[in-house]
Amino acid sequence: MDTNFYEQVYEIARLIPKGRVTSYGAIAKSLGAAKSSRMVGHAMLYAGSAYPKVPAHRVVNSSGLLTGKFHFKPPELMEKLLRKEGVEVNNDKVVNFKKVFWNPLEEINLD
DNA sequence: TGAATGACTCGTC
DNA sequence: CGACGAGCCATTC
């Protein structure tokens, strides 16, 4: 896919450190398209087809809710993976979201 | 080409 | 604090 937009999303998503999560808006913002947060979510759908695979489970909405968990093969996989990486998840939402939140804008350098 | 859709976000009630 | 509505943008039919 020459959809560079998605590629950028994957790039950011892949940069998400283990045990950390980020929001669609944050990724979109890092791409310079803060308003295209929805596209980030759509890109995540392609994540399964993308390679290397993208840790879509580390991407949640601005509230830390696992909005896209139902899109996983087993909807519970997302939460499972996050917990496995050390991210506490309760009621489909990330616990201490602010603490585990990973801001791409601060980590990524456009140098 | 116009209309519909979505793993979002924000402001109001 | 929870529910509702409108805005935004790229992709698809």
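The values are calculated or read from the model by the stated rules, or taken from the named source; none is laboratory data. What you see is a predicted model, and the numbers here were worked out from it, not measured in a lab. Every residue, glycine as well, gets a Cβ built from its backbone with ideal geometry; the counts of neighbours run over all protein chains shown. These accessible areas exclude ligands, DNA and RNA; they are computed on the full protein's heavy atoms, side chains included. Shrake-Rupley method; radii C 1.70, N 1.55, O 1.52, S 1.80 Å.
Measuring with a 1.4 Å probe in the full set of protein chains, what accessible area per residue, in whole Å², belongs to segment A:1-94?
Numbers: 5470 Å² over 94 residues.
Spelled out: the 1.4 Å probe surface of segment A:1-94, per residue, equals 58 Å².
Quick one: dipole size for chain A, taken about the Cα centre, charges +1 on Lys/Arg Cβ and -1 on Asp/Glu Cβ, in debye to the nearest 20.
Working: 16 positive and 11 negative charges, 74 e Å.
Here chain A has a charge dipole of around 360 debye.
Out of residues 5 or more away from A:V94 or on other chains, whose amide H comes under 5 Å of its own, with H placed 1.01 Å from N in the peptide plane?
The answer is A:L65, A:L66.
In bins 10 Å wide, starting from 0, what share of all Cα pairs of chain A does each bin hold, as a percent?
Each 10 Å bin holds this share of Cα pairs: 16, 52, 29, 3.
Starting with the highest mean, order A:35-46, A:57-68 by the number of other Cβ atoms within 10 Å, averaged over the residues of each peptide. Intermediate results must be reported in sequence, preceding the final value.
Working: A:35-46: 17.7, A:57-68: 20.0.
Highest to lowest by the protection proxy: A:57-68, A:35-46.
Using amide H atoms built 1.01 Å from N in the peptide plane, name the residues 5+ places from A:F101, or on other chains, whose amide H lies under 5 Å from its own.
Those qualifying (amide H under 5 Å, at least 5 residues apart or on another chain) are A:V21.
Using the Karplus curve 6.51 cos²θ - 1.76 cosθ + 1.60 with θ = phi - 60°, work out ³J(HN,Hα) for each residue of segment A:77-93 in order, rounded to whole Hz, and write x for Gly and Pro.
4, 4, 4, 4, 4, 4, 4, 5, 8, x, 8, 6, 10, 9, 6, 6, 9
Considering only the other residues whose Cβ falls under 12 Å of the Cβ of A:G19, what net charge follows from Lys and Arg at +1 and Asp and Glu at -1? It would help to have the intermediate numbers written out before the result.
Working: positive: A:K18, A:R20, A:R58, A:R83, A:K84, A:K99; negative: A:E85, A:E88.
The answer is +4.
Within the accessible area of chain A, what % is carbon and sulfur when the probe is 1.4 Å and the other protein chains stay in place?
On the way: 3380 of 6950 Å².
Here it works out to 49 percent.
May I ask you to derive the relative contact order of segment A:23-111, considering only C-alpha pairs under 8 Å and at least 6 residues apart, and to give it as an integer percent? Write down the numbers at each step before the final one.
Numbers: 96 pairs, mean separation 22.5, N = 89.
Across segment A:23-111, relative contact order equals 25 percent.
If Lys and Arg each add +1 and Asp and Glu each add -1, what is the summed charge of the other residues whose beta carbon sits under 14 Å from the beta carbon of A:E79?
Values: positive: A:R58, A:K69, A:K73, A:K80, A:R83, A:K84, A:K93; negative: A:E76, A:E85, A:E88, A:D92.
Summing Lys and Arg as +1 and Asp and Glu as -1 gives +3.
Past 23 Å, Cα to Cα: identify those pairs from A:K35/A:K84; A:K53/A:K80; A:K53/A:K98; A:K53/A:K73; A:K18/A:K93, in the order given.
On the way: A:K35/A:K84 31 Å; A:K53/A:K80 17 Å; A:K53/A:K98 25 Å; A:K53/A:K73 14 Å; A:K18/A:K93 17 Å.
Violating the 23 Å limit, Cα to Cα: A:K35/A:K84; A:K53/A:K98.
Roughly what angle does helix A:37-47 make with the longest principal axis of chain A, taking Cα atoms, 0 to 90 degrees, to the nearest 10?
The angle comes out near 80 degrees.
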